[in-house]
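Peer 1: Encoded as structure tokens, here's the structure I'll be asking about.
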Amino acid sequence: MSLGEPLSAEERATYEWQLDVPGFGVEGQRRLRDASVLVSRLGGLGGVVAYELAAAGIGRLVLAHGGDVVPSDLNRQLLMTHEWLGKPRIECATARLLELNPRLRIEAVGENVCERNAERLVAEADVIVDCAPLFEERFLMNREAVRQGKPMVECAMYELEAHVTTIVPGQTPCLACLFPSDPPAWRRRFPVFGAVSGSVGCLAAMEAIKVIAGLGEPLFGRLLCFDTRSMAFHAATIRRREDCRVCGEAGQKGAPAS
Amino acid sequence: MKVTVQFSAQLRAAAQEAVCTVDATEGSTVQDVIRGIAEEHGGEVRSLLLDEAGELSPSVLIFADGQQVLWEAPCTVAPDQTVIITTPIAGG
Ligand SMILES: [Zn+2]
């Protein structure tokens, strides 16, 4: 499937309902098919991002997620199934995605983003969707996305609340602009319903689709915050920091960044 | 003057309330209001808002009128303003 090829009959048949979206059309569909997206971690959030992108006809997914399926995954990690308990999450996720979309090309990496693989994984993708549950991993992807000039959809949840923004290096605030110091209060285990992480995943997938297809107005320089307890949604303008350790002048000159 | 402050994420859990009303003096800043809340609540609320040196933690997000307020840029509060404070979240 080379760049710019017309849509096949199968692709037209599969995507005809979304080809009707104004501003998207055949050109948007071809852009999706020719794009690669890195989704880091396929949990309650990333699993839904990957599934929605697979459904929308993304060409290639680079997926990173370590470990085996455990019972406590199954309240939210919609790519994982009971049958796969005790087996690798990445294999379960890959099988599920290919069931939905056999045209999809997947680079499956059975480990989480870390210092050793971050540069390579980000280099493999046109757009990154950051769904990691640890700031350490999020900061690594942010650093590489800024270094390599790749857009990154930054999405996160806690309990019944969530945040989404889309980072364009050099234009919008990056993750280190938002959080210039390490967030010490963050804990690996967080309260979560799958319906909340899944909602964020759908919004993040939509941001990735918009960025790739040039559709609508992505959340550039805006942070969408929502609370499903009250169903209050608001988007606030966020600020770039000139002294940002990653995207500010110091970061760009190759100073140590984390 | 009355200022409404909304808490979200871990801060809301720590404060055990989603919203509070603060009586702020004329000319005080958003930062003053938040420092006051940290001192008044103490405990976990204080530790989420202030660092070990007692300075406002730069990774706490503050919004007033739909705009982010940076800690280092004092922003005067207006009567009946709503300030939203949220702590960093990374759940996936
Ligand atoms: Zn930055």
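The values are calculated or read from the model by the stated rules, or taken from the named source; none is laboratory data. Please read all numbers here as calculations on a predicted model, not as lab measurements. Note: ideal-geometry Cβ built from the backbone for every residue, glycine included; neighbour counts use all protein chains shown. Quick note on the areas: whole protein, heavy atoms, side chains included, nothing else; ligands and nucleic acids left out. Shrake-Rupley method; radii C 1.70, N 1.55, O 1.52, S 1.80 Å.
Peer 1: Mean separation of Cα pairs under 8 Å and 6+ residues apart, divided by the residue count of chain A: what relative contact order is that in percent?
Peer 2: Relative contact order here is 18 percent.
Peer 1: If the reach is capped at under 15 angstrom between alpha carbons, list the aspartates and glutamates near A:K87, excluding any in the same chain fewer than eight residues apart.
Peer 2: A:D68, A:D73, A:E111
Peer 1: Relative to a virtual label point 7 Å from the Cα of A:F233 in the Cα→beta-carbon direction, which members of the range A:23-50 show backbone nitrogen distances below 18 Å?
Peer 2: Only A:49 pass the distance filter.
Peer 1: Let me ask you something else. Round to a whole angstrom and tell me the spacing of the C-alpha centers of the range A:224-247 and the range A:117-175.
Peer 2: About 14 Å separates the Cα centre of the range A:224-247 from the one of the range A:117-175.
Peer 1: Using a 1.4 Å probe on the protein chains only, how many percent of the accessible area of the protein assembly as shown belongs to carbon and sulfur?
Peer 2: It is 52 percent, rounded to a whole number.
Peer 1: A further question on this structure: With the cut-off at 1.5 for a/c, could you classify the range A:174-258 from its C-alpha gyration tensor as rounded, prolate or oblate?
Peer 2: oblate
Peer 1: While we're looking at this one, here's another question. Between A:E115 and A:S181, what is the label-point separation in nm under the 7 Å Cα-to-beta-carbon projection?
Peer 2: For A:S181 paired with A:E115, the spin-label model returns 2.3 nm.
Peer 1: Then there's this: What aspartates and glutamates sit close enough to A:K210 to cross-link, taking a C-alpha to C-alpha distance under 20 Å and skipping anything fewer than 8 places away on the same chain?
Peer 2: Within the straight-line limit of under 20 Å, A:K210 reaches these aspartates and glutamates: A:E11, A:E16, A:D20, A:E27, A:D34, A:E52, A:E124, A:D126, A:D130, A:E154.
Peer 1: By the gyration tensor of its Cα atoms, with a ≥ b ≥ c the square roots of the eigenvalues, what is the shape of chain B: rounded for a/c under 1.5, prolate for a/b over b/c, or oblate?
Peer 2: rounded
Peer 1: Additional query: Could you give me the ³J(HN,Hα) list for the range A:33-38, computed from phi with Karplus coefficients 6.51, -1.76, 1.60 and θ = phi - 60°, whole Hz, x at Gly and Pro?
Peer 2: 4, 8, 9, 10, 10, 8
Peer 1: Right, next: Answer rounded, prolate or oblate for the protein assembly as shown, using the Cα gyration tensor with square roots of eigenvalues a ≥ b ≥ c: rounded when a/c is under 1.5, else prolate when a/b is larger than b/c, else oblate.
Peer 2: prolate
Peer 1: Considering only protein heavy atoms, what per residue accessible area in square angstrom results for chain A with a 1.4 angstrom probe?
Peer 2: 43
Peer 1: List the aspartates and glutamates whose Cα lies under 20 Å from the Cα of B:K2, skipping any in the same chain that are fewer than 8 positions away.
Peer 2: B:E17, B:D23, B:E26, B:D32, B:E39, B:E40, B:D65, B:D80
Peer 1: Further question on the same structure: Taking H as built 1.01 Å from N, whose amide H comes closer than 5 Å to the amide H of A:V69, not counting residues under 5 places away?
Peer 2: Close amide H contacts, sequence-distant or interchain: A:G86, A:K87, A:R89.
Peer 1: I've got another one for you. When the helices in the protein assembly as shown are scored as -39500 (n - 2.57) per DSSP H run of 4 or longer and the sum is shared across all residues, what 222 nm value do you end up with, to the nearest 500 deg cm²/dmol?
Peer 2: Calculated from helices alone, the mean residue ellipticity at 222 nm is -9500 deg cm²/dmol.
Peer 1: Continuing with this model, one more query. Across the range A:71-80, in residue order, what do the Karplus-derived ³J(HN,Hα) couplings come to in whole Hz, using 6.51 cos²θ - 1.76 cosθ + 1.60 with θ = phi - 60° and x for Gly and Pro?
Peer 2: 3J(HN,Hα) across the range A:71-80, in whole Hz: x, 6, 6, 7, 7, 8, 8, 5, 7, 8.
Peer 1: For the interface of chains A and B, what total accessible area is buried with a 1.4 Å probe, rounded to the nearest 100 Å²?
Peer 2: Summing both sides, the interface buries roughly 2500 Å².
Peer 1: Given a Förster radius of 30 Å and the C-beta distance between B:T82 and A:E249 as r, what FRET efficiency does 1/(1 + (r/R0)^6) yield to the nearest 0.05?
Peer 2: That gives a FRET efficiency of 0.30.
Peer 1: Which three lengths, in whole Å and largest first, does the range A:103-175 cover when its Cα atoms are put on their principal axes?
Peer 2: Principal-axis extents of the range A:103-175 (Cα, largest first): 32, 29, 29 Å.
Peer 1: Using a 10 Å cut-off on Cβ to Cβ distances, tally the other chain neighbours for every residue of A:176-183 and report the average as a whole number.
Peer 2: Shielding by partners across A:176-183 averages 5.
Peer 1: Which length gain, in nm to one decimal place, applies between A:E136 and A:K87 when the Cα-Cα distance is subtracted from 0.36 nm times their residue separation?
Peer 2: Computed gain between A:E136 and A:K87 is 15.1 nm.
Peer 1: Let me ask something else. Take peptides A:184-191, A:125-132 and line them up by average Cβ neighbours within 10 Å, highest first, as a rough protection proxy.
Peer 2: A:125-132, A:184-191
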